[in-house]
Amino acid sequence: MSVNVIAVDGPAASGKSTLARNLADRLGILYVNTGSLYRAVALKALRLGIKTKDTAALSAMLQQTSLRYAKDADGKLDIELDGTFPGQALRSAEVAKGASDVATVPEVRAWTLEIQRDTAKENTIVMEGRDIGTVVFPDAKYKFFLSASPLARAKRRLAQEGETLNGATLESVAAEIAARDKQDSERAVAPLKQAEDAIAVDNSDWTIEQTLDYICDQIKTIDANA
Ligand code: DC
């Protein structure tokens, strides 16, 4: 299918986005954040007053929805929902929770699968998500599964503007992350899990630069053995 894809999967706040974005910059290729697809679906549903687990209403909504990756002013691929870039509106805690809900709906996943595969047809990309190495591109040449300790992840999430509710504590954020992990890992369709041939990377005690260097070394090793 696509050997062009570098798949980066892992749970919430495991450092995927930072790593994937930096990796794409270092390699001079495009970065695609697939969580944005589920966040955009959740954002539209919330705006329309549709429940984020209401399969029938979500399916009907998707018939009237246009979602794609388009280049923004900086030439980066960003999600475009019904003709506009929702940007920061996707980063609220409410949308994050709704995204985890809509991501359990098979109709939503079937719809987003096509968008993800279409995006890789035209571009060499680093694609970040939960099921890239298992479902979206099982034949990707490079697959990484990032993880970090619950404490490291809660600290990272707390430092991310917009992602936590006012008054959130380390404990409440850790509990919210654990709830999302549970829902993402236990859903029937395309659950969060490490692909058998993915390289596992626990970056709890690493800097951003160390993680990036390690992944680049692994890519070089894969290329050398190809
Ligand atoms: O990575 P993120 O926090 O933006 O993802 C938001 C939600 O979307 C997350 O709870 C799980 C879901 N998701 C998914 O099911 N599959 C993907 N490839 C990416 C995200």
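The values are calculated or read from the model by the stated rules, or taken from the named source; none is laboratory data. From a predicted model like this one, the values you see are computed outputs, not experimental measurements. Methodologically, a virtual Cβ is constructed for each residue, glycine included, from the backbone with ideal geometry; neighbour enumeration extends over all protein chains shown. In case anyone asks, the SASA skips ligands and DNA or RNA and just uses the protein heavy atoms, side chains included. Shrake-Rupley method; radii C 1.70, N 1.55, O 1.52, S 1.80 Å.
Quantify, in whole percent, the carbon and sulfur part of the accessible surface of the chain (1.4 Å probe; protein heavy atoms only).
On the way: 5590 of 10850 Å².
That share works out to 52 percent.
HN-Hα J couplings of the range 77-84 from phi, Karplus 6.51/-1.76/1.60, θ = phi - 60°, integer Hz, Gly and Pro as x?
7, 10, 7, 10, 10, 6, x, 10
May I ask you to derive the FRET efficiency for residue 220 and residue 68 from their Cβ-Cβ distance with R0 = 35 Å, giving the value to the nearest 0.05? Numbers along the way, then the final one.
Numbers: r = 33 Å, r/R0 = 0.94.
For R0 = 35 Å, the calculated efficiency reads 0.60.
On alpha carbon coordinates alone, what is the Rg over Rh value for the range 56-174, Rh being the Kirkwood radius? It would help to have the intermediate numbers written out before the result.
Working: Rg = 16.2 Å, Rh = 16.6 Å.
My calculation puts Rg/Rh at 0.97.
Could you count how many Lys pairs in the range 1-114 have their Cα atoms under 30 Å apart, skipping same-chain pairs fewer than 8 positions apart?
14
Could you tell me the accessible area of residue 206 in Å² (1.4 Å probe, neighbours in place), rounded to the nearest ten?
100
Ignoring everything except DSSP H segments at least 4 long, calculate the 222 nm mean residue ellipticity for the chain; use -39,500 (n - 2.57) per segment, divide by total residues, nearest 500. Write down the numbers at each step before the final one.
On the way: 8 runs with 107 residues, N = 226.
Helix-only estimate at 222 nm: -15000 deg cm²/dmol.
How much accessible surface does residue 185 have with a 1.4 Å probe, in Å² rounded to 10?
In the full protein context, residue 185 sits at about 50 Å².
Accessible area, 1.4 Å probe, largest first: how do 122, 114, 94 sort? Can you show the working numbers first?
Numbers: 122 155, 114 100, 94 120 Å².
The ranking, largest first, comes out as 122, 94, 114.
Classify the chain as rounded, prolate or oblate from the Cα gyration tensor: take a ≥ b ≥ c as the square roots of its eigenvalues, call it rounded if a/c is under 1.5, otherwise prolate when a/b beats b/c and oblate if not.
Because a/c hits 1.5 or more and a/b fails to exceed b/c, the chain counts as oblate.
For the range 115-190, with every protein chain kept in place, what is the accessible area per residue (1.4 Å probe, Å²)? Numbers along the way, then the final one.
Values: 3620 Å² over 76 residues.
Value returned for the range 115-190: 48 Å² of accessible area per residue.
How would 68, 180, 47 line up by accessible area, probe 1.4 Å, largest first? Show your work: numbers first, answer last.
Values: 68 120, 180 25, 47 160 Å².
Greatest to least solvent exposure: 47, 68, 180.
For a label point 7 angstrom out from the Cα of residue 189 toward its Cβ, which stretches of the range 45-78 have the backbone nitrogen within less than 15 Å?
Zone members listed by number: 52-63.
Which value, in Å² and to the nearest 10, is the accessible area of residue 107 when all protein chains are kept and the probe is 1.4 Å?
The accessible area comes out at roughly 90 Å².
If you average the C-alpha positions of the range 78-99 and of the range 115-139 separately, how far apart do those two centres end up, in angstrom?
For the range 78-99 versus the range 115-139, the Cα centre distance is 20 Å.
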